[in-house]
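*Asks:* Supplied in structure tokens, the structure appears directly below.
The values are calculated or read from the model by the stated rules, or taken from the named source; none is laboratory data. Since this is a predicted model, take the numbers as computed values, not measurements. Ideal geometry is used to build each Cβ from the backbone, glycine not excepted, and the neighbour counts take in all protein chains shown. Please note that ligands, DNA and RNA were not included when accessible areas were found on the heavy atoms of the full protein model with its side chains. Shrake-Rupley method; radii C 1.70, N 1.55, O 1.52, S 1.80 Å.
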Amino acid sequence: MSGLQPAEPGSRFDPSVAHPARVYASWLGGKDHYLADRRAAEEVIRTRPQVVAGARANRAFLARVVRYLAAECGIRQFLDLGTGLPAPGSTDEIAQAIAPDARIVYADNDPLVLIHARALLTGTGRTGHERCDYIDADVRDTATILSGAARALDFAQPIAVLMLALLHFIPFFRSLQDQHVYDLRFHVVDMFAT
């Protein structure tokens, strides 16, 4: 089911430079971070100690939402936009624990996330990953997300669209012509309003 595309040719992995996804992963107790990320995470904690509780509360919210949608609402398809790095309690782990046939499509445009997605979706041997896919796309590129999601999800059936801890990475209005955040909300709704 995986349709992984190559990472951007100009992107470089540099473990000596902190990366937002790895910093966030460290706050969640994930294992995919380096010294530079831990230092940046600690610096933020020193100035804003509640950041760890906020990140973990966000992850707990994701778990509650996915659990509710899968168990109580019978949703079997999830589109997780701006997924970030794998961490404990990911969408596929929660949904497939309740409904092993659940399909999950992750979308992110971060080359580092793509590298981890490749490893996760092709090399873990964990049951359920054959029902997961990854789209390498900017969340604002709804056409790419729609065509990628259509490879794995049935648009005639309900799809839960998740957008957690994402909007703060999208530039806000700089002028009346720059409406990314405003347009994003309507594009996501329009994607599935058929």
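*Asks:* Keeping all protein chains in position, work out how much accessible area PHE13 exposes to a 1.4 Å probe, and write it in Å² to the nearest 10.
*Replies:* About 100 Å², ignoring ligands and nucleic acids.
*Asks:* What residues have an amide H closer than 5 Å to that of VAL105, excluding those fewer than 5 places away on the same chain, when H is modeled at 1.01 Å from N in the peptide plane?
*Replies:* PHE78, LEU79, ASP80, ASP133
*Asks:* Moving on to the next point. Just the accessible area for GLU42, please: 1.4 Å probe, Å², rounded to the nearest 10?
*Replies:* Only protein atoms counted, so the area is about 90 Å².
*Asks:* May I ask you to list the trypsin sites (Lys or Arg not before Pro) in region 10-113 that are in a DSSP loop and have at most 11 other Cβ atoms within 10 Å of their Cβ?
*Replies:* On the way: sites: ARG12, ARG22, LYS31, ARG38, ARG39, ARG46, ARG56, ARG59, ARG64, ARG67, ARG76, ARG103; in loops: ARG12, LYS31, ARG76.
For trypsin sites (Lys or Arg not before Pro) across region 10-113 that sit outside H, G, I, E and B with at most 11 neighbouring Cβ atoms in 10 Å, the list reads ARG12, LYS31.
*Asks:* Between LYS31 and ALA57, with labels modelled 7 Å along Cα→Cβ, what's the label distance in nm to one decimal, could you check?
*Replies:* 2.9 nm
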